[in-house]
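Report on the structure given below.
Where a number appears in this text, it was derived from the coordinates with a stated rule and is not lab data. Here the structure is a predicted model, which means the values were calculated and not measured. Cβ placement follows ideal geometry from the backbone for every residue including glycine, while neighbour counts extend to all protein chains displayed.
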Amino acid sequence: MLHATVSVEQQIQQTAKHGGYVGPPKTARSHRTVPLPRVAVDAMKAHLRDFPADGPESWIFTAPQGGPVVYTHFMDEAWRPACAKAGIAKGTGPHSLRHHYASLLIKHGESVKTVSERLGHTNAAMTLNIYTHLWPDSEERTRAAVDKAYAEHL
């Protein structure tokens, strides 16, 4: 089985004063390694087959003229048209993908610690503050755990 990962070591920052530049992630916890699912690996392979990278230090996704993708151009030329075509609500931004990813992890039983690490949150409390409503209610599991523990004594 393939065990592909992506390491988050840098991020593109964009400010009015400095334009686009590569800088470190926001916090020490933002530096992380994220496991890639097969669907992402297959998509990356297809992308790199069609748009080969020039080397290990080159951009994987580039602007039409080369270099890094500028956020405003990406939003106007790619994101919003793709959302409209897919019937996704107007105003939905790329950050929604991050929330979707977190929601999938929670739905499929990942712990708060794992979700926190994958998202690069400062700590698990931050993750709980944002996503606690998505963890399943444990009321029935609580009852079942106690009932199971004492079932043979009844």
Computed ³J(HN,Hα) along the range 103-117: with the Karplus parameters 6.51/-1.76/1.60, θ = phi - 60°, integer Hz and x for glycine or proline, the list is 4, 5, 4, 5, 4, 9, x, 5, 6, 4, 4, 5, 4, 4, 5
Taking the alpha-carbon centre of each part, the distance from the range 107-154 to the range 31-50 in Å is 29
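Return the Rg/Rh ratio of the chain with Cα-based radii and a Kirkwood Rh.
1.07
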Amide H contacts under 5 Å for Arg32, restricted to residues at least 5 apart in sequence or on another chain and with H modeled in the peptide plane, are Val8
The range 1-47: Kirkwood hydrodynamic radius (Cα pairs, Å) comes out at 12.6
Ignoring chymotrypsin sites (Phe, Trp or Tyr not before Pro) buried by more than 16 other Cβ within 10 Å or outside DSSP loops, the longest site-free run in the chain is 62-154
Taking a straight Cα-to-Cα line shorter than 23 Å from Lys113, and setting aside same-chain lysines fewer than 8 residues away, one finds Lys26
Summing -39500 (n - 2.57) over every DSSP H run of at least 4 in the chain, dividing by its residue total and rounding to the nearest 500, the 222 nm mean residue ellipticity is -12000 deg cm²/dmol
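Got the relative contact order for the range 1-59 handy, in percent, Cα pairs under 8 Å and 6 or more residues apart? Please list the in-between numbers first.
Numbers: 51 pairs, mean separation 19.8, N = 59.
About 34 percent, as a whole number.
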Output ordering of 88-100, 112-124 (per-residue mean of other Cβ within 10 Å, highest first) is 112-124, 88-100
Residues whose built amide H sits under 5 Å from the amide H of Ala4, excluding neighbours closer than 5 in sequence, are Leu36
As straight-line cross-link partners of Lys85, the qualifying lysines (C-alpha separation under 22 Å, not fewer than 8 residues apart within one chain) are none
